[in-house]
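Here, each number is a calculation from the coordinates, and none is a lab measurement. This one's a predicted model, so the numbers in the text were calculated from it and none came from an experiment. As a convention, Cβ positions derive from the backbone with ideal geometry for all residues, glycine included, and neighbour counts pool all protein chains shown.
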């Protein structure tokens, strides 16, 4: 399984993913699920992936190959005129890759080779945008009502994001919020695991503002994890006690 989050702020975009893949409890591996490309001063685009590893890697490989193609060749990442066009083309690649794998595997391949992706970025002269692409190739865009997307194992970390998110928050607070969300997910689900990859994209910068890999011995993540646990226990004990008395 996996857990990835993309978040829109007034200041830009914040993305985080885990790196664990597993085919049973005795076959666990680490693979990157957060990728980015940039044209300095012109565009910055990032992709988060969840689902079948072979499918998502095939999509990312196609995107990588297109960045190396001659300038007269179609390249949605580096020459798409809007983020909508970028998301449309990535959706087409996702759908085409899944269909090709399913055809090659016959009926037994259906439902097993899907992939879901979050596409985030900004092109010069436009606002930062965030999309979630489904296996069918269609997608939705983040809005004021839905300012962040999650893919993978979403349920454990979602309540934290809903309660703590503020579009006007700083990048530092957004990262802290994501750390808490991921810590809650790690505690509840063994299929999500460290290291975690973090990417911050400031509005109108068109380059990586901050990138960091959170490893097992990361002191800040350790502080967040222990501090959040202590805070929850403290909050729990501060609540009024339940009483068996009818007069209470």
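Points to keep in mind about this one:
- The stretch 16-165: relative contact order in percent, alpha carbon pairs under 8 Å with at least 6 residues between: 22
- Relative packing of peptides 46-53, 137-144 - highest average C-beta neighbours within 10 Å first: 46-53, 137-144
- Along principal axes, Cα extents of the chain, largest first, whole Å: 77, 46, 38
- As a length-normalised measure over Cα pairs under 8 Å and 6 or more apart, the relative contact order of the stretch 10-50 settles at 30 percent.
- Extension reserve of the residue 230-residue 42 stretch, reckoned as 0.36 nm per residue once the Cα distance is removed: 63.2 nm
- Out of every Cα-Cα pair that the stretch 124-248 contains, those further apart than 24 angstrom amount to 42 percent.
- Taking the helices alone, the chain has a mean residue ellipticity at 222 nm of -11500 deg cm²/dmol, built from -39,500 (n - 2.57) per DSSP H run of at least 4 residues and averaged over all its residues.
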